[in-house]
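Novice: Quick one: this structure, given as structure tokens, is what I'll be asking you about.
The values are calculated or read from the model by the stated rules, or taken from the named source; none is laboratory data. Everything numeric here is computed off the predicted structure, so don't read it as measured data. Note: ideal-geometry Cβ built from the backbone for every residue, glycine included; neighbour counts use all protein chains shown.
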Amino acid sequence: MKITSFSPLIMTGDSEKAGKVFEAFGFSKKHEKKDASENHDSGFRMKDADGHGISIAQVNGIPRDMMAVQMNVDDLDEAISLLSSFGFKNMRGEGNIIDNGSARTAVMVAPTGFAVNVVYHVKNR
């Protein structure tokens, strides 16, 4: 399995407010996903002039904001299996993979609370 990118992810009930904080630091929205539904979260990617990036996801129903590492990978099943071997569990329940048509993703959470959002971008559909 290969990691194709690696960056911070904020999961929050108020993504616009979180985005404004990073706009104050010189970040701007570069990619926005608005296809939110019960099974899909909306969100956006931000970058600054030096190329630093952060993703901010609107996740309703979580008790408080969460910080995670977002890892884009070339094999989602292998990434989930590897994290599971270290005790990580899928935040949405075992086997619950979010598929929005362009990406498949799962937020894996360690027993300590550390979260990794693994993402596989679908190349040809």
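Novice: I'd like the full set of residues that are modelled with pLDDT under 90 and in contact with a strand residue (DSSP E or B) (Cβ under 8 Å, 6 or more places away or on another chain), limited to region 59-91.
Specialist: Matches in region 59-91: VAL59, ILE62.
Novice: Now for a separate question. Among (1) closer than 24 Å to ALA18 by Cα; (2) assigned to a loop (DSSP other than H, G, I, E, B); (3) in contact with a Pro (Cβ under 8 Å, 6 or more places away or on another chain), there is one condition GLY87 misses while meeting the rest; what is its number?
Specialist: (1) is the only condition that GLY87 fails.
Novice: Within region 43-57, identify whether any single residue is free of Cβ contacts under 8 Å to residues at least 40 places away in the same chain and closer than 16 Å to ALA106 by Cα, and answer yes or no. Lay out the reasoning, then the answer.
Specialist: Filtering region 43-57 for residues free of Cβ contacts under 8 Å to residues at least 40 places away in the same chain gives 43-52.
When the remaining residues are screened for being closer than 16 Å to ALA106 by Cα, the result is 43.
Within region 43-57, one or more residues are free of Cβ contacts under 8 Å to residues at least 40 places away in the same chain and closer than 16 Å to ALA106 by Cα.
Novice: Where residues in region 91-125 are hydroxyl-bearing (Ser, Thr, Tyr) and surrounded by 14 or more Cβ atoms within 10 Å (Cβ to Cβ), which of them is farthest from the chain's Cα centre (by Cα)?
Specialist: The first filter runs over region 91-125 and keeps only residues hydroxyl-bearing (Ser, Thr, Tyr), leaving 102, 105, 112, 120.
Pick out the ones that are also surrounded by 14 or more Cβ atoms within 10 Å (Cβ to Cβ) and you get 105, 120.
Values: THR105: 8, TYR120: 11 Å.
In this case the residue turns out to be TYR120.
Novice: Would you check if there is a residue in region 73-90 being of a type in the set (S, T, N, Q), without any contact (Cβ under 8 Å) to a residue 60 or more places away in the chain, in contact with a helix residue (DSSP H, G or I) (Cβ under 9 Å, 6 or more places away or on another chain) and closer than 16 Å to VAL118 by Cβ?
Specialist: The initial filter retains those residues of region 73-90 that are of a type in the set (S, T, N, Q), namely 81, 84-85, 90.
Restricting the remaining residues to those that are without any contact (Cβ under 8 Å) to a residue 60 or more places away in the chain gives 81, 84-85, 90.
Now restrict to residues that are in contact with a helix residue (DSSP H, G or I) (Cβ under 9 Å, 6 or more places away or on another chain): 90.
Pick out the ones that are also closer than 16 Å to VAL118 by Cβ and you get 90.
Looking through region 73-90, at least one residue is of a type in the set (S, T, N, Q), without any contact (Cβ under 8 Å) to a residue 60 or more places away in the chain, in contact with a helix residue (DSSP H, G or I) (Cβ under 9 Å, 6 or more places away or on another chain) and closer than 16 Å to VAL118 by Cβ.
Novice: Now for a separate question. Does region 96-117 hold any residues that are part of a strand (DSSP E or B) and either within 13 Å of MET71 (Cα to Cα) or at pLDDT 95 or above (or both), and which are they?
Specialist: Of region 96-117, the ones part of a strand (DSSP E or B) are 98-99, 103-109, 115-117.
Passing the criteria: ALA103, ARG104, THR105, ALA106, VAL107, MET108, VAL109, ALA115, VAL116, ASN117.
Novice: Output the qualifying pairs, or none if there are none: Cβ atoms under 6 angstrom, residues six or more apart or on different chains, first residue in region 11-26 and on the phi < 0 side of the Ramachandran plot, second residue part of a helix (DSSP H, G or I) and surrounded by 11 or more Cβ atoms within 10 Å (Cβ to Cβ).
Specialist: Between residues of region 11-26 that are on the phi < 0 side of the Ramachandran plot and residues that are part of a helix (DSSP H, G or I) and surrounded by 11 or more Cβ atoms within 10 Å (Cβ to Cβ), the close pairs are THR12/ALA18.
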